[in-house]
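Note sheet for the following structure.
No value in this document is a laboratory result; all are computed from the given coordinates. These numbers come from a predicted model, not from an experiment. Don't worry about glycine lacking a Cβ; one is built from the backbone with ideal geometry, like all the others, and counts go over all protein chains shown.
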Amino acid sequence: MKRYLPLILVAYFIGCLLLILVLARQWQDTGQAPEQPIAFSHPIHAGNLGLECTYCHQTVARSPQATVPPVSLCMECHKNAAIDRPEVQKLRGFWERQEPIHWQRVYQLPWHAVFNHKRHIKAGVDCSFCHGELKAQARVRQVRSLMMGWCVSCHRSRNAPTDCWTCHK
Amino acid sequence: MQMLNELLLPPTDQQFGMLAYLILFMLLFALPYLGLVLVSTLASTGLRMIKSPLDRYFLEPWTGGGPMITFGVIPFFCLMFLFQLYFYGSSLPVFEYFLRIMFPLFGGFLLVYLYGKSRAMILVGLGFVLLLAAAFFTISTIDLMLFPEIWAFVETPLPAVFSIQVIIHFLIFLALSILFTGAWLYFLYFRWPEHRRPTQTFDYDQMRKITGGMMLGGVLFLPVLMLWDFYTLPVYTLTSPAFALGAVTIVLLGVLALAIVGILRATVARFAVTVMVLATIVFGLVLVNHQLLYARANQEHLTLLADQVKKEKENWTAEREAKRDANVVADEKLGEKIYNERCTACHLFEQRVVGPPYNEVLPKYVDNVAALEAFIRNPVKVNPDYPAMPNQGLNVREVKAVSAYLLSTYAAKE
């Protein structure tokens, strides 16, 4: 046993190294900001141009989902605006081919938790409270843990219901 | 402490970046030193209980007044102010958190220092417990940087204390401290210049085995703890450099482990410098790695905060200027002087020169001197028949003076 100690140690550390690489790979696939079919820039639209969040996410205040806007809404401006940019040309390609854009979802709650955007907007929770400062996110990434403890802390501090049934229907 | 909060000016976004480096710099002194004292206190007590004469050599190198103040006391005061700035805009009672750290910390240091003089077991036992509590509170306070999302809700550090991350980070700190202390003790007693070495009665073999065992324990536990840490960290804190640095740390730990096996197997002392250097680098790398996680976790928060601070500063400057302007008294003599030097080149009362005659433009300002002052400070084109008036670059006092002079002269002519 003593003779093989260095070998055992080497195997142990290589095992740990492989595991950390596996974790990194897993994080790159799921946790990092996913690459989108079009590199839509929140800093340009919400920052420089000063568009309100509801300009594109129109249903956020009146339905459980914030929803991604239809291509037709993008085309209202991009029929004429910035048509020389490659990313806008990609958008126009989708429009001309009448194809939907398969945006990658960034914020995903587990199936057993129900979240309603409308209720939170009505309660005066700012979008940035959960989604961070989109004006500074070139590529959107998850900036909150979305863990239950976090949700419950906020509910408690605002005297919102903390009944299990509120979120787990 | 409200008073302390009021002493701090809101930092700019560049300063926030700088703060992270300063915090890291202070932690690089404070945490390894705290670890050294903590582990050597425990080891010394254990050796004392088994009646080994080695016990005092474990505490001797770092429990003098000088190192304690330099590495134990001063960094924590600096960290208190740095954290106060870092958490600016949140409702976190940072000062209270640091009181919670500093009482047990300084108490523990004092008791361990007294133990070095009197060798009373009660002192060292109590001192160890206090230092352990201080270390735990330190880790839990630093780890608040990992969870900007809970800052709005945390009143005491307790919620952070119960998080799995704090427990893992505390265990990582302990494992690092054991490795670091073992490596430095081994280095001090086997490679330090001859004159600092202990006397002939010193049991070198026992020292080598104890420090080697400590190092091996630390080295074996660290990778598992690091993996557990990466597995449980919130997704918004992770970055590719953090993973890369984690991998480099594990490779270094592997090299260290082989060197330690070499130390334990040999009958003579060797690899002393190697293990000391590697253990120090590993401690530093782990701290840098955590700093990367904190920076990523706070990226969003700092952007929001920089905006808020910018707005606050603008309001603050506007308020200050309004206050200052309100106190300026119009000095008509100065106004006359400026009028003759600057204004008459383009304006006269009765006739058009470059600009319109005063008799035409002043009536609208008779009851509104503030509008006239605003126009002189920031002239804009009003009448398309005339060219725009260039900004004269007058200060508030001069603008007030010349406005008052113009209006009183106009009133006298009327």
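Spin-label model, B:Phe103/B:Ala269: points 7 Å from Cα along the beta carbon direction are separated by 4.2 nm. Selection among B:Phe98, B:Tyr21, B:Leu227 by position relative to the dipole of the protein assembly as shown gives B:Leu227 as farthest towards the positive end (Cβ unit charges, Cα centre). Within a straight-line Cα-Cα reach of under 17 Å, A:Lys118 can be paired with the following aspartates and glutamates, leaving aside sequence neighbours fewer than 8 residues apart in one chain: A:Glu52, A:Asp126.
For B:Leu348, the residues whose amide H sits under 5 Å from its own are B:Val353, B:Tyr358, ignoring neighbours fewer than 5 places away on the same chain, with H placed 1.01 Å from N. Between the stretch B:107-124 and the stretch B:44-74, what's the alpha-carbon centroid distance in Å? Spelled out, the Cα-based centre of one part sits 9 Å from the other. Each residue of the stretch B:120-131 is assigned a 3J(HN,Hα), and the resulting list reads 8, 5, 4, 5, 6, x, 5, x, 5, 4, 4, 5 Hz, derived from the Karplus form 6.51 cos²θ - 1.76 cosθ + 1.60 (θ = phi - 60°), x at Gly and Pro.
Each stretch of four or more DSSP H residues adds -39500 (n - 2.57); spread over every residue of chain B, this sum gives -24000 deg cm²/dmol at 222 nm. Out of every Cα-Cα pair that the stretch A:1-79 contains, those further apart than 21 angstrom amount to 58 percent. Over the stretch B:307-414, all Cα pairs binned in 5 Å intervals from 0 give whole-percent P(r) values of 2, 11, 19, 25, 18, 10, 7, 5, 3, 1, 0, listed from short to long.
Highest GNM mean-square fluctuation among B:Pro32, B:Pro61, B:Pro363, for chain B modelled with Cα contacts below 10 Å: B:Pro363. Magnitude of the charge dipole for chain B, about its Cα centre and with charges confined to Cβ atoms of Lys, Arg (+1) and Asp, Glu (-1), is about 1800 debye.
Couplings for the stretch A:112-123, taken from phi via the Karplus curve 6.51 cos²θ - 1.76 cosθ + 1.60 with θ = phi - 60°, read 7, 10, 9, 10, 10, 4, 3, 4, 6, 5, 4, 6 Hz in order; Gly and Pro are left as x. With the charge dipole of the protein assembly as shown set up from +1 on Lys and Arg Cβ and -1 on Asp and Glu Cβ about the Cα centre, the Cα lying farthest toward the positive end among the listed residues A:Ile8, B:Ile376, B:Ala295 is that of A:Ile8.
Only Lys, Arg, Asp and Glu carry charge here, each on its Cβ (+1 for the first two, -1 for the last two); on that basis chain A has a dipole of about 520 debye about its Cα centre. For B:Asp331, nonlocal amide neighbours, meaning residues 5 or more places apart or on other chains whose placed amide H falls under 5 Å from its own, are B:Ala401. Computed 3J(HN,Hα) for the stretch B:335-347, one whole-Hz value per residue from the Karplus formula 6.51 cos²θ - 1.76 cosθ + 1.60 where θ = phi - 60°, is x, 5, 4, 5, 4, 5, 7, 10, 7, 5, 4, 10, 10, glycine and proline marked x. Note on the protein assembly as shown: dipole from Cβ charges, positive end direction compared against B:Phe128, B:Ile142, B:Gln308; the farthest Cα belongs to B:Phe128.
Across every pair of non-identical alpha carbons in chain A, the mean reciprocal distance, once inverted, gives a Kirkwood radius of 19.5 Å.
Sketch the reach of a paramagnetic label on B:Lys311 as a point 7 Å from Cα along Cα-to-Cβ, and name the residues of the stretch A:103-138 whose backbone nitrogen lies under 17 Å away. A:124-136, by backbone N distance to the label point. The distance separating the Cα centre of the stretch B:315-356 from that of the stretch A:52-88 comes to 50 Å. For the residues B:Val251, B:Val39, B:Val286, a GNM of chain B with alpha-carbon springs under 10 Å puts the largest fluctuation on B:Val251. For the stretch A:26-52, list residues with backbone N below 15 Å from a point placed 7 Å from the Cα of A:Glu99 toward its Cβ? Label zone hits: A:36-39. Each of B:Val396 and B:Glu350 was given a label point 7 Å from its Cα along the Cα-to-Cβ line. The distance between the two points is 3.8 nm. Across A:Tyr12, A:Tyr55, A:Tyr107, mean-square fluctuation computed from a Gaussian network of chain A (C-alpha pairs under 10 Å connected) peaks at A:Tyr12. Distance distribution P(r), the stretch B:2-314, all Cα-Cα pairs, bin width 20 angstrom from 0: 32, 55, 13, 0 percent.
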